[in-house]
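Heads up: the structure comes next, in C-alpha cells.
The values are calculated or read from the model by the stated rules, or taken from the named source; none is laboratory data. This structure is a prediction, so every number in the text was calculated from the model and none was measured. Note: ideal-geometry Cβ built from the backbone for every residue, glycine included; neighbour counts use all protein chains shown. Protein only, heavy atoms only, side chains kept; ligands, DNA and RNA dropped before computing areas. Shrake-Rupley method; radii C 1.70, N 1.55, O 1.52, S 1.80 Å.
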Amino acid sequence: MKTLTPKQQVLFTLFNEIGIISQLSSARFERILPHGLTVAQFSVLNHLVRLEGDWSPARLAAAFQVTKGTMSSTLQRLVTKGFISLEADPSDGRAKQVRLTEAGVLAREAALSAAGPSLGELNAALSPSEIDALIPSLQKLRIWLDKYR
C-alpha cells in the first residue's frame, strides 16, 4: 500500500479536519433550528435569500451537488412547511421554478436568530482575530473547490 507524501499527509489532515468540523457543526446547528428544519432545508432557504433569482430544482441540485431526487425531497418538505412554492416555469411549462415565500424568509431569519447564542460561544475556542485570520484562507479554498467541482 502506497503511503502519502508529507505534503499529501498535510492536505489529508486539512480535509479530514474540515470534514469533522462540517459534521459536528451541522449536528449542533440542526439541534437548534426552528420549525423542524434540517440543515439541508435551511441551506436551501439561505441560498434562495442570498442569491435570489430563478432557481429550478435541477439548478439547485447542481448547486448543492445532490441528486435531483434528493433535492426534490428537500423542496417538497419546504413546500409542506409553506416556506417555498413550486410554480410552472413561464418559459417551459414542463419545468418548475422555486419561489421563496415570506414565511420562508422569516424561517431563515428565525434560524439565524436561534444560532446567534451558539455562534457567540465560539469565542471561547477562537478569538475574533483568529476567526478573522481564518476566513480569507477558507474562502480561497471554497472558491478553488467550487471551480473544480
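Tabulated results
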| read-out | value |
| --- | --- |
| Breaking point among (1) at pLDDT 95 or above; (2) open to solvent by 80 Å² or more (accessible area, probe 1.4 Å); (3) of a type in the set (A, V, I, L, M), for I135 | (2) |
| Qualifying positions in the range 65-77 - touching a Ser or Thr at 6+ places or on another chain (Cβ under 9 Å) and not hydroxyl-bearing (S, T, Y) | V66, R77 |
| Any hit, the range 103-115, residues being touching a residue at least 12 places away in the same chain (Cβ under 8 Å) and in contact with a strand residue (DSSP E or B) (Cβ under 8 Å, 6 or more places away or on another chain) | yes |
| Some residue of the range 105-116 being farther than 18 Å from P34 by Cβ and either within 20 Å of the chain's Cα centre (by Cα) or at pLDDT 95 or above (or both) | no |
| Scan of the range 23-41 for residues that are touching a residue at least 40 places away in the same chain (Cβ under 8 Å) and either more than 16 Å from G104 (Cβ to Cβ) or touching a His at 6+ places or on another chain (Cβ under 9 Å) (or both), ordered by number | R28, F29, I32, Q41 |
| Evaluation of R142 against (1) in a helix (DSSP H, G or I); (2) surrounded by 13 or more Cβ atoms within 10 Å (Cβ to Cβ) (one fails), failing number | (2) |
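Residues checked against (1) closer than 30 Å to G120 by Cα; (2) of a type in the set (D, E); (3) under 15 Å from the mean Cα position of the chain (by Cα):
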{"site": "N16", "(1), (2), (3)": "yes, no, no"}
{"site": "F29", "(1), (2), (3)": "yes, no, yes"}
{"site": "L33", "(1), (2), (3)": "yes, no, yes"}
{"site": "V44", "(1), (2), (3)": "yes, no, yes"}
{"site": "S73", "(1), (2), (3)": "no, no, no"}
{"site": "A95", "(1), (2), (3)": "no, no, no"}
{"site": "V98", "(1), (2), (3)": "no, no, no"}
